[in-house]
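Below you will find the structure I want to go over with you.
Just so it is clear, none of the values below were taken in a lab; they were calculated from the coordinates. Quantities reported herein were computed from a predicted structural model and do not represent experimental measurements. Reconstructed Cβ throughout: ideal geometry from the backbone, glycine too, with neighbour counts over all protein chains shown.
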Amino acid sequence: YFLKIAQASNIEAQSHIYLARDLNYITNENLNTFINISGSVHRALDAFIYYLNKSS
């Protein structure tokens, strides 16, 4: 359950990152950096959830 909340929070953070870019608070370069990091977090969470489900 906690990991699903973490995934949702990561998606929410992505939304805020896009908004920050739209409001010109960050550059496209910063946006790409943040989105790449967020994608890595998402993949790590997916892998961990898969591992936990497989081992239960």
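Limited to the range 1-34, what total is found for residues that are surrounded by 10 or more Cβ atoms within 10 Å (Cβ to Cβ), of a type in the set (Phe, Trp, Tyr) and within 29 Å of Ile49 (Cα to Cα)?
Looking only at that region, the number is 2.
Okay, moving on. Determine the pairs where a residue that is at positive phi and surrounded by 10 or more Cβ atoms within 10 Å (Cβ to Cβ), located within the range 38-56, has a partner that is assigned to a helix (DSSP H, G or I) and among the acidic types (Asp, Glu) with Cβ atoms under 7 Å apart, the partner being 6 or more residues away or on another chain.
Close Cβ pairs (under 7 Å, with a partner that is assigned to a helix (DSSP H, G or I) and among the acidic types (Asp, Glu)) do not exist here.
Look at Asn30 and say whether it is on the phi < 0 side of the Ramachandran plot, without any contact (Cβ under 8 Å) to a residue 12 or more places away in the chain and not hydrophobic (A, V, I, L, M, F, W, C).
Yes: the conditions hold for Asn30.
What is the residue count in the range 21-46 for residues that are assigned to a loop (DSSP other than H, G, I, E, B) and either within 17 Å of Ser9 (Cα to Cα) or not aromatic (Phe, Trp, Tyr) (or both)?
Residues in the range 21-46 being assigned to a loop (DSSP other than H, G, I, E, B) and either within 17 Å of Ser9 (Cα to Cα) or not aromatic (Phe, Trp, Tyr) (or both): 4 in total.
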